[in-house]
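Accompanying notes for the structure given below.
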Amino acid sequence: MEQLSHGSVDPAEIAKFSRLAEEWWDPNGKFRPLHVFNPVRIGFVRDIVARHFRRDSRSLRPFEELSLLDIGCGGGLLAEPMARQGFDVLGADASERNVAIAAGHAEGSGLKLRYRATTAEQLASEGARFDVVLNMEVVEHVADVAGYIQSSADLVSPGGLMIVATINRTLKSLALAKIGAEYILRWVPAGTHDWNRFLRPEELETFLTAADLHIERRQGVAFDPLRWEWQLSLDTDVNYMIVATKA
């Protein structure tokens, strides 16, 4: 299948993940780190959105009648759990192969969940708007960060929010997220990340502010090797998330 080419899309990055598409839902495959990472991401999103929209996070489906965009959704590892919590979800990805895998996995689920092979720029040009935009582990793979963030911000409805997750550009992240994860532990295929594309929190926040979003929170995420799980942390030296809202 062909991959979309539009604005901030880097065809080489899209092709890289398309080649691995069949492994998205294998918890022991190439995307195992994301499966391990997912619980902390899901919990964080649930708490932040519940607080922002005054929903009861303890209820089974607290986010009924709220729309959510998972941009760069890959195989749907985050989109599906979000739909199970009541969101009306659109999973968007520039890789048609990723979208096909995600849609196939969700088939017959009965969830309010759609997938589309498209880009942030295309959706923004169509006037699409969402209460919540998830931008998880995407910005380090795009060709034009400023343009991509602007298009993503345009997709947030007034009063809505965007959550961005990415990797900091530090010597610590070079050692752990690049050399350690790719070449020593073999958690992800070699060449998955380009350390030079990692963004420092203040750089990302500058892009978000320029796109008329208000920074609400900066949250570190760290891996605990003893418990073999990710946890929220004060440490933003490697992985971190930023919550931003639109007035």
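What follows is calculated from the coordinates using simple rules that are stated; it is not laboratory data. It should be emphasised that the depicted structure is a prediction, and the values quoted were computed from it without experimental measurement. Quick reminder, even Gly has a Cβ in these numbers, built from the backbone with ideal geometry, and neighbours come from all protein chains shown.
What does a probe at His35 reach in segment 62-81, counting residues whose amide N is under 20 Å from the point 7 Å along Cα→Cβ?
Those under the cut-off are 73-81.
For the residue pair Glu229 and Glu65, what label-to-label distance in nm results when each label sits 7 Å from Cα along the Cα-to-beta-carbon direction?
Taking the simple label geometry, Glu229 and Glu65 are separated by 3.4 nm.
Using just the C-alpha positions of segment 11-245 as equal point scatterers, what log10 of I(q)/I(0) does the Debye formula give at each q in 0.07, 0.08, 0.14 1/Å?
With no solvent term, the Cα-only Debye profile gives -0.20, -0.26, -0.89.
Per-residue HN-Hα couplings for segment 40-55, Karplus 6.51 cos²θ - 1.76 cosθ + 1.60 at θ = phi - 60°, whole Hz, x for Gly and Pro?
Whole-Hz 3J(HN,Hα) from phi for segment 40-55: 6, 5, 4, x, 5, 4, 4, 5, 5, 5, 4, 5, 5, 9, 6, 10.
In segment 33-147, with Lys and Arg counted as +1 and Asp and Glu as -1 at Cβ, which of these residues, Ala100, Gly76, Leu60, has the Cα nearest the positive end of the dipole, that is, farthest along it?
Leu60
Using a basic spin-label model with each label point 7 Å from the Cα along Cα→Cβ, how many nm lie between Asp10 and Asp194?
Computed distance between label sites Asp10 and Asp194 equals 0.4 nm.
Before rounding to the nearest 500, sum -39500 (n - 2.57) across all DSSP H runs of length at least 4 in the chain and divide by the residue total; then give [θ] at 222 nm in deg cm²/dmol.
Rounded to the nearest 500, the figure is -8500 deg cm²/dmol.
Out of residues 5 or more away from Tyr240 or on other chains, whose amide H comes under 5 Å of its own, with H placed 1.01 Å from N in the peptide plane?
Amide H neighbours of Tyr240: Thr166, Asn168, Val221.
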